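Structure, as structure tokens:
The values are calculated or read from the model by the stated rules, or taken from the named source; none is laboratory data. Bear in mind the structure is a predicted one, so any value in this text is a computation, not a measurement. All Cβ positions, glycine included, derive from the backbone under ideal geometry; neighbour counts span all protein chains shown.
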């Protein structure tokens with residue numbers, strides 16, 4: 001089994017997550033890595049305001065799982081909800097100043113870590129890897 005593609009991807013993912021959790025331990029004391037993902041997607045949306053359903057779709061999570069994350073992030077002061085005029089059921093999720101600060105720290109560390117992961121691997125191999133992973137992700141949908 002260790003010589004199968006699926007095993008190698010899962011094993012690599014576990015090792016990568018362990019490394020990332022260590023790299024972000026200073027930040028993730030305040031929020032979980034999953035919650036950082038929510039903050040990241042909110043911060044990167046430039047074309048439209050994010051609502052809970054949009055975040056759930058982009059993260060491939062249930063609306064209730066995202067709702068829990070948003071509740072916690074709001075309690076900690078990292079996001080705020082703004083009602084959508086004309087639809088009382090919807091709220092736009094916005095970053096607060098504290099949320100922006102934590103995302104800026106995380107983004108910088110993530111780029112540094114990505115550079116470390118790429119060291120010693122030529123650009124062509126990285127492009128090939130990204131292409132193969134994208135194709136595998138499509139097959140898994």
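Contact annotation: residue pairs with Cβ atoms under 6 Å, 6 or more positions apart or on different chains, pairing a residue in the range 29-42 that is crowded, with 18+ Cβ neighbours inside 10 Å with a partner that is at pLDDT 80 or above and outside any helix (DSSP H, G or I), are 42/50; 42/93; 42/95. Within the range 46-87, the residues that satisfy the criterion of being outside any helix (DSSP H, G or I), modelled with pLDDT of 90 or more and surrounded by fewer than 16 Cβ atoms within 10 Å (Cβ to Cβ) are 62, 76, 77, 80, 81, 82.
Scan the range 24-41 and tell me whether some residue there is part of a helix (DSSP H, G or I) and over 15 Å from the mean Cα position of the chain (by Cα). Within the range 24-41, one or more residues are part of a helix (DSSP H, G or I) and over 15 Å from the mean Cα position of the chain (by Cα). Being modelled with pLDDT of 90 or more, touching a helix residue (DSSP H, G or I) at 6+ places or on another chain (Cβ under 7 Å), exposed (fewer than 13 other Cβ atoms within 10 Å of the Cβ) and assigned to a loop (DSSP other than H, G, I, E, B) is not true of residue 120.
For (1) in a helix (DSSP H, G or I); (2) out of contact with any strand residue (DSSP E or B) (no Cβ under 7 Å at 6 or more places or on another chain); (3) at pLDDT 90 or above, each residue gets a yes or a no:
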site	(1), (2), (3)
11	yes, yes, yes
14	yes, yes, yes
21	yes, yes, no
43	yes, no, yes
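Assess whether residue 5 counts as being within 30 Å of residue 80 (Cβ to Cβ) and either crowded, with 17+ Cβ neighbours inside 10 Å or in contact with a helix residue (DSSP H, G or I) (Cβ under 9 Å, 6 or more places away or on another chain) (or both). Against the criterion (within 30 Å of residue 80 (Cβ to Cβ) and either crowded, with 17+ Cβ neighbours inside 10 Å or in contact with a helix residue (DSSP H, G or I) (Cβ under 9 Å, 6 or more places away or on another chain) (or both)), residue 5 does not qualify. Of the residues making up the range 98-114, none is over 22 Å from residue 34 (Cβ atoms) and either assigned to a helix (DSSP H, G or I) or in contact (Cβ under 8 Å) with a residue 24 or more places away in the chain (or both). Among the listed residues 69, 64, 98, 108, which satisfies the condition of being in contact with a helix residue (DSSP H, G or I) (Cβ under 8 Å, 6 or more places away or on another chain) and more than 24 Å from residue 9 (Cβ to Cβ)? Within the list 69, 64, 98, 108, the selection yields 69.
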